[in-house]
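Written below as structure tokens is the structure these notes are about.
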Amino acid sequence: MSKTPQAIRGTQDIFGPDAEAFAFVVETFERVRKLYRFRRVEMPVFEKTEVFSRAIGETTDVVSKEMYSFEDRGGDSLTLRPEFTAGIARAYLSNGWQQHAPLKIATHGPLFRYERPQKGRYRQFHQIDAEIIGAAEPQADVELLAMADQLLKELGIEGVTLHLNTLGDGDSREAWRAALVEHFRAVKDELSADSQERLEKNPLRILDSKDRRDQRFVADAPKIDQFLSDDARAFFDAVTSGLDAAGVKWTRATSLVRGLDYYRHTAFEFIPDEVSEAAGKLGSQSTILGGGRYDGLMESLGGSPTPAVGWAAGIERLAMLVGEKGEPECDLIVVVEDDERISEAIGVLKDIRAAGFTGEMVSGGSRKKRYDKAVKRSPKVILSLQPEGGHSVSHDNSDESVLKAIRQY
């Protein structure tokens with residue numbers, strides 16, 4: 001016999017309690033995004049490679065090392081999406097969605113990156129994503145962050161704090177970048193190889209380095225606050241005051257950066273507190289949800305300057321924090337103790353489900369054991385269809401509405 005094929009490394013088959021936790025994250029996200037009136041969008045799983053290379057940047061690890069790219073039969077270079085934002089920006093420009101600005105949209109689904117699989121990180125993974133496009137006001141940042149905070153709370157994830165920073169406006173960022181280049185250039189030979197390469201191209205990424213050789217020089221590196229324009233400072237003050245009004249707990253994180261040039265103003269990550277249960281489950285993979293304002297992205301794809309802000313979160317990581325979930329509660333199980341009454345049971349279940357209740361049938365195996373099977377599944381109500389037209393109803397006294405719906409039987 002031929003060997004059974006195995007799943008590709010870095011992918012997963014999700015079943016049972018893990019699948020229920022996954023579904024709980026998605027269902028909660030869908031409910032919360034409706035509360036904030038974010039419109040649902042569905043995006044292609046693959047795009048032209050240039051969408052990502054232009055939006056994310058040719059020199060980034062994602063584009064240079066992690067993308068799944070291939071040439072299709074027509075000779076075009078296509079890429080499985082490694083993130084949502086670039087594709088959403090492409091759709092915004094190519095479909096004329098500017099007419100809906102400011103546009104609040106949300107989506108979820110699979111993404112693909114070729115990287116070393118580890119706890120909570122896969123080569124095919126899933127994210128939830130929310131964006132506001134065409135809104136330059138700091139209130140858009142506040143609404144997105146309040147939405148993220150409410151989502152985490154409704155998922156039951158506690159012990160998490162919003163880490164917040166500002167990258168300033170274009171002028172502020174450019175002045176800061178020049179100061180960082182000067183600071184790190186003086187110690188270039190003592191930096192890690194990665195940071196030496198980033199020095200001229202992307203010096204902000206050195207601030208986020210975990211290499212000890214870099215960290216000793218990061219501590220006294222120039223801070224963005226030294227270079228903030230009055231407008232940039234006022235923007236950040238409006239965001240923080242809005243978060244205070246919304247009851248969102250936050251802390252300033254001056255080392256939190258975004259390396260790409262199109263990021264402006266707000267950058268943020270929700271991170272577990274050190275002694276929290278969430279930190280214990282995630283280990284070193286600490287960021288739960290992150291994002292920022294990317295006012296310069298549309299221009300990289302040939303569009304007009306367009307303000308935008310968004311965030312994304314990995315569904316797998318959120319599901320790990322939610323913990324295992326059991327099967328959905330069952331309102332009614334119909335036990336068929338007389339095989340002649342299967343059609344009747346089907347009719348009962350049709351009516352029960354139409355009324356909004358969950359239900360299933362037990363009609364296989366030994367007739368003597370069918371009722372015991374139903375009991376083990378712990379439904380609220382068991383309707384037993386017995387020989388010669390008889391029936392019995394047993395219940396846990398928890399839901400009169402289910403009993404009322406089946407009383408006619």
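The values are calculated or read from the model by the stated rules, or taken from the named source; none is laboratory data. Just so you know, these numbers come straight off a predicted model, no measurement behind them. Here Cβ is always computed from backbone atoms with ideal geometry, including for glycine, and neighbour counts include all displayed protein chains.
Just name the residue that is surrounded by the fewest Cβ atoms within 10 Å (Cβ to Cβ) out of those in the stretch 345-369 that are of a type in the set (Ser, Thr, Tyr) and touching a residue at least 24 places away in the same chain (Cβ under 8 Å).
Going residue by residue through the stretch 345-369, those that are of a type in the set (Ser, Thr, Tyr) are 358, 363, 366.
Then drop every residue that is not touching a residue at least 24 places away in the same chain (Cβ under 8 Å), which leaves 358, 363.
Values: Thr358: 16, Ser363: 18.
Among those residues, the one meeting the criterion is Thr358.
Of Ala89, Ala23, all but one fail to be among the hydrophobic types (A, V, I, L, M, F, W, C) and out of contact with any helix residue (DSSP H, G or I) (no Cβ under 7 Å at 6 or more places or on another chain); the exception is Ala23. Of the helices (runs of 4 or more DSSP H) that lie entirely inside the stretch 15-130, those containing 2 or more residues that are touching a residue at least 40 places away in the same chain (Cβ under 8 Å) and within 14 Å of the chain's Cα centre (by Cα) span 17-35. Restricting Asp141, Asp149 to residues that are over 30 Å from Asp220 (Cα atoms), at pLDDT 95 or above and either part of a helix (DSSP H, G or I) or not assigned by TED's automatic domain parsing to the domain that holds Leu301 (or both) narrows the list to Asp149.
Just one residue in the set Arg40, Arg73, Arg54, Arg90 is closer than 21 Å to Phe125 by Cα and of a type in the set (D, E, K, R); that residue is Arg40. Going by the conditions given, is Phe15 among the hydrophobic types (A, V, I, L, M, F, W, C) and exposed (fewer than 14 other Cβ atoms within 10 Å of the Cβ)? So Phe15 passes the test. Here Arg317 fulfils each of the conditions (1) surrounded by fewer than 19 Cβ atoms within 10 Å (Cβ to Cβ); (2) within 30 Å of Gln118 (Cβ to Cβ) apart from (1).
How many residues are in a loop (DSSP other than H, G, I, E, B) and not hydrophobic (A, V, I, L, M, F, W, C) when one looks only at the stretch 321-359? Walk me through how you get there before you give the answer.
Here is the first cut: in the stretch 321-359, the residues in a loop (DSSP other than H, G, I, E, B) are 323-331, 337-338, 355-358.
With not hydrophobic (A, V, I, L, M, F, W, C) added as a condition, the list becomes 323-329, 331, 337-338, 356, 358.
The qualifying residues number 12.
Only residues that are of a type in the set (S, T, N, Q) and in contact with an Asp or Glu (Cβ under 8 Å, 6 or more places away or on another chain) were counted across the stretch 302-324, and they come to 1.
Return the residues of the stretch 48-66 that are modelled with pLDDT of 95 or more and touching a Ser or Thr at 6+ places or on another chain (Cβ under 6 Å); say none if nothing qualifies. Thr49 - this is the single residue of the stretch 48-66 that is modelled with pLDDT of 95 or more and touching a Ser or Thr at 6+ places or on another chain (Cβ under 6 Å). When we screen Met361, Met320 for residues that are at pLDDT 90 or above, under 30 Å from Ile271 (Cα atoms) and not aromatic (Phe, Trp, Tyr), the only hit is Met320.
So which residues in the stretch 194-247 are touching a strand residue (DSSP E or B) at 6+ places or on another chain (Cβ under 9 Å) and of a type in the set (Gly, Ala, Ser)? Show your work before the answer.
Step one: of the stretch 194-247, the residues touching a strand residue (DSSP E or B) at 6+ places or on another chain (Cβ under 9 Å) are 224-225, 228, 232-233, 235-236, 239-240, 243-244.
Across the stretch 194-247, the qualifying residue is only Ala232.
Does any residue of the stretch 290-300 turn out to be modelled with pLDDT of 95 or more and within 11 Å of the chain's Cα centre (by Cα)? Yes: the stretch 290-300 contains one or more residues that are modelled with pLDDT of 95 or more and within 11 Å of the chain's Cα centre (by Cα). Among the residues of the stretch 180-197, are any of a type in the set (A, V, I, L, M, F, W, C), more than 27 Å from His265 (Cβ to Cβ) and surrounded by 18 or more Cβ atoms within 10 Å (Cβ to Cβ)? Taking every residue of the stretch 180-197 in turn, at least one turns out to be of a type in the set (A, V, I, L, M, F, W, C), more than 27 Å from His265 (Cβ to Cβ) and surrounded by 18 or more Cβ atoms within 10 Å (Cβ to Cβ). Of all residues in the stretch 370-397, those satisfying the criterion of being loosely packed, with under 12 Cβ neighbours inside 10 Å and either modelled with pLDDT of 75 or more or under 17 Å from Thr358 (Cβ atoms) (or both) are Asp372, Lys376, Pro387, Glu388, Gly389, Gly390, Asp396. In the set Gly326, Gly310, only one residue is touching a helix residue (DSSP H, G or I) at 6+ places or on another chain (Cβ under 8 Å) and surrounded by 22 or more Cβ atoms within 10 Å (Cβ to Cβ); that residue is Gly310.
Just one of the listed residues (Val348, Val309) is of a type in the set (A, V, I, L, M, F, W, C), touching a Phe, Trp or Tyr at 6+ places or on another chain (Cβ under 8 Å) and more than 30 Å from Val51 (Cβ to Cβ), and it is Val348.
Could you check, for the stretch 205-213, whether at least one of its residues is touching a helix residue (DSSP H, G or I) at 6+ places or on another chain (Cβ under 6 Å), under 26 Å from Ile157 (Cβ atoms) and surrounded by fewer than 20 Cβ atoms within 10 Å (Cβ to Cβ)? Before the answer, list the steps.
To start, the set of residues in the stretch 205-213 that are touching a helix residue (DSSP H, G or I) at 6+ places or on another chain (Cβ under 6 Å) comprises 205-207, 209.
The next check asks that each one be under 26 Å from Ile157 (Cβ atoms); those that pass are none.
No, the stretch 205-213 contains no residue that is touching a helix residue (DSSP H, G or I) at 6+ places or on another chain (Cβ under 6 Å), under 26 Å from Ile157 (Cβ atoms) and surrounded by fewer than 20 Cβ atoms within 10 Å (Cβ to Cβ).
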